[in-house]
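The values are calculated or read from the model by the stated rules, or taken from the named source; none is laboratory data. Given the structure is predicted, the values throughout are model-derived calculations rather than measurements. Cβ: placed from backbone, ideal geometry, glycine included. Neighbour counts: every protein chain shown. Just the protein is used for accessible areas: all its heavy atoms, side chains included, with ligands, DNA and RNA removed. Shrake-Rupley method; radii C 1.70, N 1.55, O 1.52, S 1.80 Å.
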Amino acid sequence: MSAPRVFVPGDAAALSVGADAVAATIATEAQRRGIEIQITRTGTRGMLWLEPLVEVATPAGRVAYGPVQPADVASLFDAGFLGGGAHALAHGRTDAMPWMARQQRLSFERVGVIDTLSLADYRAHGGLAGLQRAREIGAQAVLQQVIDSGLRGRGGAGFPAGIKWRTVAQAPGPRKYIVCNADEGDSGTFADRMLIEGDPFALVEGMAIAGLAVGADRGVVYLRSEYPHAIAVLRRALALARSEGLLGAHFDIDLRVGAGAYICGEETSLLESLEGRRGQVRAKPPLPAHHGLFGRPTVVNNVLTLAAVPWILRHGGTAYASFGLGRSRGSMPVQLGGNLRRGGLFECAFGITLRELVHDIGGGTASGRPLRAVQVGGPLGAYFPESLLDTPLDYEAMAAAGGLVGHAGIVVFDDTVDMARQARFAFEFCALESCGKCTPCRIGSTRGAETLAKVARGEAPSVNLKVVEDLCTVMTDASLCALGGLTPLPVMSAIRHFREDFGVRGTP
Ligand SMILES: Cc1cc2nc3c(=O)[nH]c(=O)nc-3n(C[C@H](O)[C@H](O)[C@H](O)COP(=O)(O)O)c2cc1C
Ligand code: SF4
């Protein structure tokens, strides 16, 4: 009989609450009791309130225990947890837990399941089948599969991935690049990190398929410097992929560590940064698809966009498109955070409502106080009041409600939030992160913060809110990129839905 298998996550979220100490204590306790066990380090399942979540393999499937602290380990052994025994921290079969059972895990199917850095485990769980299929059907058919899937960019703008790829494929030139945007600067988001720290070969495979589809033999991952664990995991994964022949002369990937600025996540700033210059936005056109890295045709895609591709090739574009609705096809790894009882990663088909996400899945506020606002899509996303929580998470419905899906970070606030303060923060954030290239953003954000400070001091609030509104119109219409262009979303949604916080009454 083989030694019992124990799974302990090694991703940054689990490490931050002591997963390494738990793994070490389990190893020591097993040795002390003379029991041989096998400990596998995985990514996280995404149920962050239960980390460190320890799992054991049983004949009925994996059984979960959490949150486990080193002090719990002896009692877990006493309870026979290696065989799935009953314990106060037991949650039963992991895949039957409500959080897991309600998901459609396509891109994250292996995260938390496999040994993060084992290509053999990756293969055993369906890895590389997509790349193999891509090689069999050839570039044109791969492009068609991605177009048929309806996959849209998961980094924020939601541009159809297949169309972008086709543009690069058709662009002339001997050298083309696949650039993966792993800058993940949006507040409340962590899905890129989680994917890289839990299933790095999915990203490698997605990039290799993209290279095959557009005729690129080089890829670059631009990974934020604030993610030291993801950097270490990806570095090792790339070395392993090279040593096992998955990467090499036909397609290889470089890892570049970001420069620590929010604007470096904007694709043209990112390219500037990769070329060794200050991260400053380039005017478009030309599009990166025509004139990207070092002037070559370049696909720039988010981690989640690229990591969705192996599933699409393995199961077919139409199978992917059967999830979701309207023009929002497939699944979205939603990141739930802020003042929420259950925060974490929840991957599901587009169409789920914000209410289901924050109340049913997230369990409402952690403070137990009434929920007041939900910001969707990072620092450039709109604030939704309780009355708009029936809005479905889909690109068009969110836009119609005055917001955006963005990278699908959802941050919850209870009734103690000061929405005038949040609106001012949006301007301050823009002022701090502005690349300075265009006036509406560089100057407008500072003037906006100053004007909202006057409102907070009670200086002619109605007049000054009108000034802010005009300023927002200019920023929306005249900013060169979405940092200046979308900052009005959080500002104006706060003013529109929470006007009472600004010291004025009635509708604008
Ligand atoms: C200020 C700003 C910051 C951005 N940050 C990111 C980021 O961190 N990660 C990302 O994938 N896209 C980010 N984007 C979007 C990118 O410019 C680009 O649309 C995306 O990388 C394209 O990939 P996709 O089509 O797969 O989404 C940002 C855009 C702006 C305007
Ligand atoms: S909107 Fe802001 S960040 Fe974007 S180009 Fe203009 S100054 Fe730079």
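Per atom type, segment 448-508 shows carbon and sulfur on 56% of its accessible surface, probed at 1.4 Å. Shape summary of segment 375-432, radius of gyration then Dmax from alpha carbon positions: 11.7, 33 Å. Given only helices, namely DSSP H runs of n ≥ 4 each adding -39500 (n - 2.57), what is the per-residue ellipticity at 222 nm of the chain, to the nearest 500 deg cm²/dmol? Value at 222 nm, helices only, nearest 500: -11500 deg cm²/dmol.
Spherically averaged projected area of the convex hull of Cα atoms, segment 1-155: 11.2 nm². Here the accessible area is traced with a 1.4 Å probe on the protein chains. For segment 146-216, carbon and sulfur cover 54 percent of it. Taking Cα centre as origin and charging only the Cβ of basic (Lys, Arg, +1) and acidic (Asp, Glu, -1) residues, the dipole magnitude of the chain rounds to 860 debye.
If you count Lys pairs in the chain whose Cα atoms are under 20 Å apart, skipping same-chain pairs closer than 8 places in sequence, the total is 5.
Since only I495, I137, A88 are under comparison, the one whose Cα sits farthest along the positive direction of the charge dipole of the chain, derived from C-beta charges on Lys, Arg, Asp and Glu, is I137. Summing Lys and Arg as +1 and Asp and Glu as -1 over all other residues whose Cβ lies under 15 Å from the Cβ of R45 gives a net charge of -1.
Think of a 1.4 Å ball rolled over the protein heavy atoms: segment 246-339 then has 36 Å² of accessible area per residue.
Each of W311, L195, G484 was placed along the dipole of the chain (beta-carbon charges, centred on the mean Cα), and the one lying farthest toward the positive end is G484. Gyration tensor over the Cα atoms of segment 276-395: the corresponding equivalent ellipsoid has semi-axes (square roots of 5 times the eigenvalues, largest first) of 32, 21, 13 Å.
Among the chymotrypsin sites (Phe, Trp or Tyr not before Pro) within segment 201-255, which fall in a DSSP loop and have no more than 16 other Cβ atoms within 10 Å of their own Cβ? Taking segment 201-255 and a limit of 16 other Cβ atoms within 10 Å, no loop chymotrypsin sites (Phe, Trp or Tyr not before Pro) are found. Dividing the convex hull volume of the alpha carbon atoms of segment 367-508 by its residue count gives 110 Å³ per residue.
Segment 212-257 and segment 470-507 have Cα centres separated by 40 Å. With the highest mean first, a sort of the peptides 400-409, 437-446 on other beta-carbon atoms found within 10 angstrom per residue produces 400-409, 437-446. Sorting 122-135, 7-20 by average packing, meaning the other beta carbons within 10 Å per residue, from highest down gives 7-20, 122-135. Taken per residue, the accessible surface of segment 1-147 reaches 42 Å², heavy atoms only and a 1.4 Å probe. Taking the Cα centre of segment 106-173 as reference, the dipole from Cβ charges on Lys and Arg (+1) and Asp and Glu (-1) amounts to some 240 debye.
With a simple spin-label model that places each label point 7 Å from the Cα along the Cα-to-Cβ direction, the separation between A27 and T473 comes to 6.5 nm. Counting only DSSP beta bridges with both residues in the chain, the antiparallel share comes to about 55 percent. Summarised as an ellipsoid, segment 256-303 has semi-axes of 16, 11, 10 Å, derived from the eigenvalues of the Cα gyration tensor scaled by 5 and square-rooted, with the largest first.
Ligands, DNA and RNA are left out, and with a 1.4 angstrom probe the accessible area of segment 414-508 is 47 Å² per residue.
For the chain, the pair-distance distribution built from all alpha carbon pairs, in bins 10 Å wide starting at 0, is 4, 19, 27, 26, 16, 7, 1, 0 percent. A P(r) calculated from all alpha carbon pairs of segment 215-344, with 5 Å bins opening at zero, reads 2, 8, 13, 16, 18, 18, 15, 7, 2, 0 percent.
Between segment 281-304 and segment 121-136, the C-alpha centres lie 28 angstrom from each other.
According to the Cα-based calculation, Rg over Rh for segment 1-76 is 0.94, with Rh computed by the Kirkwood formula.
Taken about its Cα centre, segment 363-492 carries a charge dipole of roughly 440 debye when the Cβ of each Lys and Arg holds +1 and the Cβ of each Asp and Glu holds -1.
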